[in-house]
């Protein structure tokens, strides 16, 4: 009976941690209706999806329908760490605690998914991806807009200059008539002059499907329980994970503070929700793993997904991990290289699988449904496994040799 209670407490604490991180992130982003939005973000964190419906208020008879799926790994990681830490406090009864926690976790999130419903006002209209459809949209109501389109569907602003891109090649066209921002700092608005007329206000209703949320929550809990069992079964892995924990936690804190100082509360909120994706994605990019962004629909284009050079980020992070492990565990260099190859390769593969984003939008006009935008962002998990394992092996070997060289040099100077 004690193990059952401990399993229930572990599931409850994990959900509280996920809800706390999600709520703080949304507050920093400036979102309204934090309660229902937090429930939606927690559902997304276990693999659920959000359905969106928006109807014009006092404007054209246009309705927007869409779906969003993507995992905010900051929320997922908070829940996994709390759940795993509580399950591993005692090795006896791990299976019972894990089974109870998994059932309670999935059942609670199934209930939460029914509460994750609400409405949010989107002032100004619907934002179009910059460099994809701004000129095309303008051209629907203005021949000049079509003349401003570049080959390949890349749009220009009214002055003929190229639009300033956002990260990932997406942006907002600075057309006449200032665009109102979405809650959370996302840009919005079709061109209001010389283009399509847009409603003055959109009221979007969002909801979360219960079935995928429950299935994702159960899979989430099973993965955490399986990881806990492997750690308990192979105790030599635990010291390596503990050695990596503190440096990564310090790095996360530095990234949050830097984002808050340089980008304000909005940047800090985004980093809080997405840091476990942003940092490994930068490392994978530095290791040569490309990220593919494909679009379909009326707003489809070939967006620029190039990233600045991140080789130094990958080198600093991986070498820092190798040094941290070498300082805590004086294994032979080849053994440490093998351990870090397995860990970094596994983490890289998991990040490539989990850092997948998809959005589908369609517009209904007078009963006709028109696909507007479908976007998919993904990386090759097999390539991520190979690159991560190679990078981890090199970092483990280099870190071990560097720590040994410094240790020998220190002893020579103290003689």
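Please treat every number below as a calculation from the coordinates, not as lab data. Please read these numbers as outputs of a predicted model, since none were measured by experiment. As a convention, Cβ positions derive from the backbone with ideal geometry for all residues, glycine included, and neighbour counts pool all protein chains shown.
In terms of other Cβ atoms within 10 Å, 261, 323 run from fewest to most in the order 261, 323.
Residues 105, 368, 206 in ascending order of nearby Cβ atoms (within 10 Å, fewest first): 368, 206, 105. For residue 254 and residue 364, the FRET efficiency from 1/(1 + (r/R0)^6), where r spans their Cβ atoms and R0 equals 45 Å, is about 0.45. Exposure proxy ranking for 37, 348, 369, based on other Cβ atoms within 10 angstrom of each Cβ and starting from the fewest, stands as 369, 37, 348. Annotation for residue 353 and residue 92: the two label points, set 7 Å from Cα along the Cα-Cβ direction, are 3.4 nm apart.
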